[in-house]
Amino acid sequence: MNVTETVVVAADPDTVWAVAGDAGAIAGWVPALESSRMEGDVRHGTFAGGGGDATERIVEHDDAARTYVYEYLTGPLALEEYRSRLSVREHAEGAEVVWASDFAAGSPEEEGQLAEAISGIYRGALAELKGRLES
């Protein structure tokens with residue numbers, strides 16, 4: 001299953017990437033996360049409200065292309081596989097942030113529920129990122 005969310009930010013793409021591309025500091029603009037940190041290529045995150053801990057491996061990080069890819073390793077979500085890409089692109093109004101994932105769960109019902117949850121996390125985070133960078 002695929003989830004893609006985008007937002008246009010009225011800011012220079014490099015300025016947006018300076019925030020969005022810092023994989024270890026993602027909790028600073030993702031409301032669903034209470035904290036995040038990097039250990040080598042593994043990101044550790046703690047979900048807000050006692051939602052548990054997750055680990056993800058950053059498998060690609062390209063500052064020149066303003067994109068990074070990560071895979072879910074462990075955590076509270078019932079994912080069999082999950083690979084996501086966060087990118088910042090040039091846009092006529094500033095920068096477009098694209099957050100997309102491909103994932104699989106144990107059943108179509110679980111995939112539908114996870115798609116809603118992941119989409120909600122992405123939308124909330126992108127709105128927060130936009131608000132911070134445009135204020």
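The values are calculated or read from the model by the stated rules, or taken from the named source; none is laboratory data. Please read all numbers here as calculations on a predicted model, not as lab measurements. Here the Cβ positions follow ideal geometry from the backbone for every residue, glycine too, while neighbour counts run over all protein chains shown.
Values for this structure:
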item: Residues that are assigned to a helix (DSSP H, G or I) and in contact with a Phe, Trp or Tyr (Cβ under 9 Å, 6 or more places away or on another chain), drawn from the stretch 93-120; result: Glu111, Leu114, Ala115, Ile118
item: Residues (surrounded by fewer than 19 Cβ atoms within 10 Å (Cβ to Cβ) and under 19 Å from Leu79 (Cα atoms)) located in the stretch 1-31; result: Met1, Asn2, Thr4
item: Index of the failed condition, Trp99 passing every other in (1) out of contact with any Ser or Thr (no Cβ under 9 Å at 6 or more places or on another chain); (2) at pLDDT 95 or above; result: (1)
item: Strands (runs of 3 or more DSSP E) wholly inside the stretch 1-91 that include at least 1 residues being without any contact (Cβ under 8 Å) to a residue 24 or more places away in the chain and within 14 Å of the chain's Cα centre (by Cα); result: 33-39, 42-47, 52-62, 67-74, 79-91
item: Test set (1) free of Cβ contacts under 8 Å to residues at least 40 places away in the same chain; (2) surrounded by fewer than 16 Cβ atoms within 10 Å (Cβ to Cβ) - Ser119 fails condition number; result: (1)
